[in-house]
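J.: Shown below is the structure under consideration.
Since every read-out is calculated from the coordinates, none of them should be taken as a lab result. Note that the structure is predicted; figures quoted are calculated from it, not measured. Don't worry about glycine lacking a Cβ; one is built from the backbone with ideal geometry, like all the others, and counts go over all protein chains shown.
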Amino acid sequence: MIVDEGWRSGSLAGEIAARIQEHAFFSLDAPVARVCSAEVPLPYPRHLELAATPQAESIVAACKQVLAPMSEFRMPSLGADMEAGTLVEWDEAAGRPVERGRSDRRRGDPEGRDRDRELRKRHSEKILVEVGQRVPVGTAACDDRG
């Protein structure tokens, strides 16, 4: 989450977000989000200035919006024209811990670049889509709280 009192367009927040995504994309658990000022000239009256600049309430709301989807794994889109996908396999059964980095090695990282990073354990609490089931992109496949 990047908070900036500048406008969203052409702001320092945009540059920081771009660099994070360029250099640490596969380490991100969620998209980089930005809370910026409204794209209007900064008003002089105090109440309008507060309405145009990021406030605690808007920052908290944006954080909740970013963190909410992290409790679920959703069927990803692998292309602009993909509308649905079939679940081929689950690596772990519900309730078993899943360590960060394992998925990177399974998708073609034989060196396991995450090996030196801190392992974060998560648990797939409930499987929502069974193996072989075809579901639309964006469908929650498992409830991942941990």
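J.: Efficiency by 1/(1 + (r/R0)^6): what FRET value for Lys126 and Ser77, r their Cβ-Cβ distance, R0 = 25 Å, to the nearest 0.05?
T.: Working: r = 23 Å, r/R0 = 0.91.
Rounded to the nearest 0.05, the efficiency is 0.65.
J.: OK, next. Return the long-range amide H neighbours of Cys142 (sequence gap of 5 or more, or a different chain), with a cut-off of under 5 Å between placed amide H atoms.
T.: Phe73, Leu128
J.: Compute the convex hull volume of the Cα atoms of segment 2-70, divide it by the residue count, and report the result per residue in Å³ as a whole number. Kindly include the intermediate steps, with their values, before the conclusion.
T.: Working: hull volume 5.1 nm³, N = 69.
Taking only Cα atoms, segment 2-70 has a hull volume of 74 Å³ per residue.
J.: I've got another one for you. Kindly state, to the nearest 0.05, the FRET efficiency for Ala56 paired with Leu12, given R0 = 25 Å and r defined as their beta-carbon distance. Intermediate results must be reported in sequence, preceding the final value.
T.: On the way: r = 20 Å, r/R0 = 0.82.
With a Förster radius of 25 Å, E is 0.75.
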